[in-house]
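The values are calculated or read from the model by the stated rules, or taken from the named source; none is laboratory data. What you see is a predicted model, and the numbers here were worked out from it, not measured in a lab. Note that we place each Cβ from the backbone using ideal geometry, even for glycine, and neighbour counts take in every protein chain shown.
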Amino acid sequence: MKNSVPPSDGFPKYIINGGRALFGETEIMSAKNSILPLIACSAMIDGEVYLSRCERTSDSENMLNIMRSLGGRCRFADGGIYIDCRGLSRCRLGAELTGRLRSSVFILGPLLARTGRAEICYPGGCDIGPRPIDLHIYGLRMLGAEITESDDSVTCRGNLRGARIELPLPSVGATENIIMAAARAEGRTVLCGAAAEPEITDLQNFINACGGRVHGAGTRRIEIEGVRRLHGTSFTPSGDRIAAGTFMTACAICGGEVTVTGVNPAHLASVTDALRRAGAEVEERTGGATVRAVGRPRAPGRIETKPYPGFPTDLQSPFTALAACAKGTSYIIENLFENRFRHIPQLIKMGADITVCGRAATVRGKKLHGAETEAEDLRGGAALVLAALGAEGSSAVSGLRHIDRGYYDFCGRLSALGADIRRISQ
Ligand code: EPZ
């Protein structure tokens, strides 16, 4: 596609002219994957909650609609989110709400802890694999919940009491659901095999700011003393490490100098290491980092996704885009999700030379050219944008509803850094 705008099909698209280096600073706001469980957790908080530095992504909007449907009062204001669930009066969620996002599953623990009952239709979300919720159900059952499943929904009942729980794999969501349910259970819970992502630490700190007693987040062993009541609070989640990593990778692809602020660089150690292997200079500082790059990146070599602190699966697709335009061959191994290479056929439209065998992609880097591509999931969509920014010529990226889930004003932010990108919607 050379410098021509594709015919309109009525859906919004990004039109990108690649080849421009990026320069400037971008402020990273609160992490999507912290905000979503914290919104759900508010269902069991007896007071008003304020989460600061929150952007109006569609996932956050949809999560607030879930809380409203249960009788909670929510609003975006003062640059953040206010939630007050003292008037919560329902404990059932239909498919029209849960089908939109995976995070609807987070309501099970808090709702059960608050009301003794929770019923949801199975959650939707990015189609990056089967995404079962068996570990969520296992954890809640260990805490004493009676759980029945039908073809399309799961119903939980019962009063919760502390337990010793061992997760067979460090599921982020299951860890979060168990912590929330145990925070209001009778007695003490010890959770082993827990996920250790920064979002788990945010949840612990939030619950403790509300009067809870959670300890050990960031390690594989978390202890929770149940309390009878949790009061309201104001809380600032961590900066979004995945959004930060996305902009840092964009700079490594395009060249230039980009500073991200509002994020803890320690949360990005594995990404910084990979960027340096790709030839970028990364200067870490308190509250952020600066990336400097000149010309095409080097192949970063082997990138293998792992639970935190390993290389994050959410940055696998942006890094595949980097590898696709790099000098040399890279090997991308996706260990967390079964279907997280959907961006690869789209990258191949841009001239990428990638072969996939199971969970491994062999990427022989080369100069990419513009093309019409379509996002099929959130992070895969970001990868297509980054590839287009580094490609020669003009590209169109559609499927923006996926990107809007987790990147607020993605186009405006990239444009402010010097990218030639605009959003058209007929
Ligand atoms: C969270 O999803 C994030 N989402 C994902 O980010 C992220 O990719 C993922 O953690 C891994 O870091 C939110 O926090 C809202 P998991 P989650 O449970 O909780 C299997 C993004 O792009 N599993 O850690 O769903 C599962 O199939 C999104 O921002 C079970 O088998 O991830 C997967 O293979 C995408 N049974 C693995 O565990 C379960 O009950 C990791 O899943 C739960 C999970």
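Pairs needed: first member in region 127-144, within 16 Å of P168 (Cβ to Cβ) and at pLDDT 95 or above; second member anywhere, near the ligand (Cβ under 6 Å from one of its atoms) and outside any helix (DSSP H, G or I); C-beta distance under 7 Å; at least 6 residues apart or different chains.
Short answer, once both residue conditions are applied: L135/S171.
Which one of N208, N264 is free of Cβ contacts under 8 Å to residues at least 12 places away in the same chain and surrounded by 15 or more Cβ atoms within 10 Å (Cβ to Cβ)?
Details: N264 fails: free of Cβ contacts under 8 Å to residues at least 12 places away in the same chain.
Result: N208 is the single residue among N208, N264 that is free of Cβ contacts under 8 Å to residues at least 12 places away in the same chain and surrounded by 15 or more Cβ atoms within 10 Å (Cβ to Cβ).
Being over 30 Å from G393 (Cα atoms) and either of a type outside the set (D, E) or away from the ligand (no atom under 15 Å from the Cβ) (or both) narrows it down to one of A21, A43, so name that one.
A43
From I107, I128, grab the single residue that is surrounded by 17 or more Cβ atoms within 10 Å (Cβ to Cβ) and touching an Asp or Glu at 6+ places or on another chain (Cβ under 6 Å).
Answer to the check: I128.
Any chance region 323-336 includes a residue that's of a type in the set (D, E) and under 29 Å from S58 (Cβ atoms)? Quick ask: steps written out before the conclusion?
From region 323-336, those of a type in the set (D, E) are 334; that's our starting set.
Imposing the further condition that a residue be under 29 Å from S58 (Cβ atoms) reduces the set to 334.
Checking region 323-336: at least one residue is of a type in the set (D, E) and under 29 Å from S58 (Cβ atoms).
Quick grid of which residues meet (1) part of a loop (DSSP other than H, G, I, E, B); (2) of a type in the set (S, T, Y); (3) farther than 23 Å from D240 by Cα:
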| site | (1), (2), (3) |
| --- | --- |
| L347 | no, no, yes |
| L389 | no, no, no |
| R405 | yes, no, no |
| S415 | no, yes, no |
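Please enumerate the residues belonging to region 237-284 that are in a loop (DSSP other than H, G, I, E, B) and either among the small types (G, A, S) or farther than 19 Å from E199 by Cβ (or both).
If the condition is that a residue be in a loop (DSSP other than H, G, I, E, B) and either among the small types (G, A, S) or farther than 19 Å from E199 by Cβ (or both), then S238, G255, G262, A278, G279, A280 are the ones that fit.
So if I check each of D127, D152, D202, which one is of a type in the set (D, E) and more than 16 Å from the ligand (Cβ to nearest atom)?
None of the other options fit; the residue is D152.
Can you tell me which residues in region 353-380 are out of contact with any strand residue (DSSP E or B) (no Cβ under 7 Å at 6 or more places or on another chain) and either within 16 Å of the ligand (Cβ to nearest atom) or small (G, A, S) (or both)?
Once the filter is applied, which keeps residues that are out of contact with any strand residue (DSSP E or B) (no Cβ under 7 Å at 6 or more places or on another chain) and either within 16 Å of the ligand (Cβ to nearest atom) or small (G, A, S) (or both), region 353-380 yields G358, E376, D377, L378, R379, G380.
What tally of residues in region 103-124 results from selecting those that are assigned to a loop (DSSP other than H, G, I, E, B), within 15 Å of the ligand (Cβ to nearest atom) and at pLDDT 90 or above? Steps first, answer last, please.
Filtering region 103-124 for residues assigned to a loop (DSSP other than H, G, I, E, B) gives 116, 122-124.
Applying the additional criterion that residues be within 15 Å of the ligand (Cβ to nearest atom) yields 122-124.
Then drop every residue that is not at pLDDT 90 or above, which leaves none.
Of the residues in region 103-124, 0 are assigned to a loop (DSSP other than H, G, I, E, B), within 15 Å of the ligand (Cβ to nearest atom) and at pLDDT 90 or above.
Which of the numbered conditions does N339 fail, given that it passes all the others? Conditions: (1) within 16 Å of the ligand (Cβ to nearest atom); (2) in contact with a helix residue (DSSP H, G or I) (Cβ under 7 Å, 6 or more places away or on another chain); (3) outside any helix (DSSP H, G or I).
Result: N339 passes all but (2).
Read through the list (1) within 16 Å of the ligand (Cβ to nearest atom); (2) without any contact (Cβ under 8 Å) to a residue 40 or more places away in the chain, then give the number of the only condition that G412 fails.
It fails just one condition, (1).
Hey, can you tell me all the residues within region 356-387 that are out of contact with any helix residue (DSSP H, G or I) (no Cβ under 9 Å at 6 or more places or on another chain) and not charged (D, E, K, R)?
C357, G358, A360, T362, H369
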